[in-house]
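First comes the structure, then the notes that go with it.
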Amino acid sequence: MSAQIISGKDIAAEIRAELKESVAALAAEHGLVPGLATVLVGADPASQMYVGMKNKAAGEMGIHSRQITLDPDTSEAELLGVVAGLNADEAIHGILVQLPLPGHIDEGKVIEAIDPAKDVDGFHPVSVGRLATDSGAFFPPCTPAGVVEMLVRSGHDPAGKHVVVVGRSNIVGRPLASLLIRKGRGGDATVTVCHSRTPDLAAVTRTADILVVAMGRPEMITAEMVSAGTVVIDVGTNRVDDPASERGYRVCGDVLFDEVKEVAAAISPVPGGVGPMTITMLLANTVTSARRAAGLDD
Ligand code: NDP
């Protein structure tokens, strides 16, 4: 039997409709407009596209967005100055510095310069530490937060389930594991994290009630690695050559979708899965930040 399809596109649309309402209510009741600043250094086409998508989505929600584009040869000191200005700017509640930065700039230093109260990407060491210790106010990193929302909203609450996460990166696997073991909504799971040094990956993935894959290895998870009835979320976003396609390539996940959908209980597609959730969670964090600044949220 074919699996339930967990559409990140549909869930993202549902969350964006809710956000639009709360942004309108903030304006009507408190005269407050959430503000998101995106900082792009250089002219990398992929980064330009991502920043453009983030600003467009913010605008559609009624969130004020400000894009700052700097020359590729901008010095680290100049960039730190821009971040300091945004930290002090009361109209800005979220600051996103698009990564990667040019090689002459220390990314860690720039991320650490962002006020943790405006760190809507959730990459500041203070945010990472608060998530890891489940204490204090922080913003969950957008992709892992999107995965958790997809599970909860599609009726597959991770509470009490064994979740196997494949991948231990700082932007996906590791923070996702931290979110899943927190107490409360979207948490309370039993989590196993796998990586490239995990012997016999299939033996572990077959024990999952929920399998989340963030490897960056096209279609590597096959049907024999998944037990019947598993819920599968595919974070992978890979371009593979496809001479049959007009563009010469196609986008696929880390899961062999056509095969795995025949054994899984539910599965997210690529594209249309986790991708649309990431920007949505950035907008959600920006709205939360504005509410916190106004004393409306903890
Ligand atoms: P990284 O390359 O940083 O991490 C990949 C992880 O997968 C590593 O922990 C690595 O292990 C592990 N891994 C690689 N090969 C294997 C293997 N053969 N067996 C077991 N584990 C393996 O990638 P990211 O976390 O940044 O991204 C993962 C994927 O998710 C990519 O396709 C990326 O494009 C996509 N992505 C999608 C987003 C979205 O919005 N949809 C956002 C972010 C990422 P080790 O640590 O040992 O090297």
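Zone of Asp115 (label point 7 Å along Cα→Cβ, backbone N under 17 Å): which residues in segment 47-91?
64-66, 80-91
Charges on Cβ only, +1 for Lys and Arg, -1 for Asp and Glu, centred on the Cα centroid of the chain; of Gly275, Val110, Gly173, which one is farthest towards the dipole's positive end?
About the Cα centre, the residue reaching furthest to the positive side is Gly173.
Quick one: go through segment 254-280 and flag any residue whose amide nitrogen is under 11 Å from the point 7 Å out along the Cα-to-Cβ line of Gln4.
265-267
Please report how far the C-alpha centroid of segment 170-223 lies from that of segment 62-80, rounded to the nearest whole angstrom.
So the two Cα centres are separated by 35 Å.
Taking the Cα atoms only, what angle lies between the long axis of helix 274-293 and the longest principal axis of the chain, rounded to 10 degrees?
The angle comes out at about 40 degrees.
Working only with C-alpha atoms, what are the Rg and Dmax values of the chain, expressed in angstrom?
Here Rg and the maximum Cα pair distance are 19.5, 58 Å.
Could you give the distance between the Cα centres of segment 90-144 and segment 10-47, to the whole Å?
Rounded to whole Å, the Cα centres lie 17 Å apart.
Using a 7 Å offset from the Cα along the Cα-to-Cβ direction at both Arg182 and Ala223, what is the distance between the two label points in nm, to one decimal?
3.8
Report the residue, chosen from Pro175, Pro218, Pro116, that carries the largest GNM mean-square fluctuation when the chain is represented by alpha-carbon nodes joined by springs under 10 Å.
Pro218
With a Förster radius of 30 Å, plug the Cβ-Cβ distance of His195 and Glu246 into 1/(1 + (r/R0)^6) and report the FRET value to the nearest 0.05.
Efficiency, from the Cβ-Cβ distance: 0.25.
For n ≥ 4 DSSP H runs only, could you compute -39500 (n - 2.57) per run for the chain, divide by its residues and tell me the 222 nm figure to the nearest 500?
That comes out to -12000 deg cm²/dmol.
Going by how many other beta carbons lie within 10 Å of each one, how would you line up Glu262, Glu76, Glu149, fewest first?
Going from sparsest to densest Cβ surroundings: Glu262, Glu76, Glu149.
In nm, give the distance between the simple-model label positions of Thr69 and Ala91, each being 7 Å from the Cα along the Cα-to-Cβ direction.
2.0
Pick from Lys54, Lys118, Lys183 the residue whose mean-square fluctuation is largest in a GNM of the chain, springs joining Cα atoms under 10 Å.
Per the Cα network of the chain with a 10 Å cutoff, Lys183 tops the list.
Shape verdict for segment 142-277, please, from the Cα gyration tensor: rounded (a/c under 1.5), prolate (a/b greater than b/c) or oblate.
Since a/c reaches 1.5 and a/b is larger than b/c, the shape of segment 142-277 is classed as prolate.
Relative contact order for the chain: what percent, with Cα pairs under 8 Å and sequence separation of 6 or more?
21
Say the cut-off is 26 Å between C-alpha atoms; which of Lys9/Lys56; Lys56/Lys118; Lys54/Lys183; Lys109/Lys161; Lys54/Lys109; Lys56/Lys161 go over it?
In this structure, Lys54/Lys183; Lys109/Lys161; Lys56/Lys161 exceed 26 Å between Cα atoms.
Using only Cα atoms, find the angle between the long axis of helix 8-30 and the longest principal axis of the chain, and express it within 0 to 90 degrees, rounded to the nearest 10.
So the inclination is approximately 30 degrees.
With r as the distance between the Cβ atoms of Ser135 and Glu107 and R0 = 30 Å, compute the FRET efficiency 1/(1 + (r/R0)^6) and round to 0.05.
0.70
GNM on the chain, C-alpha springs below 10 Å: top fluctuator among Val163, Val270, Val152?
Comparing Val163, Val270, Val152 in the GNM, the peak value goes to Val152.
Note the direction-averaged projected area, equal to a quarter of the hull surface, for the Cα convex hull of segment 30-115, in nm².
Average of the hull's projected areas for segment 30-115 equals 5.5 nm².
Each value in this text was obtained by applying a stated rule to the coordinates, not by laboratory testing. Only a predicted model underlies this, so the values are computations on that prediction, with no experimental measurement involved. With ideal geometry, Cβ positions are generated from the backbone for all residues, glycine too; neighbour counts draw on all protein chains shown.
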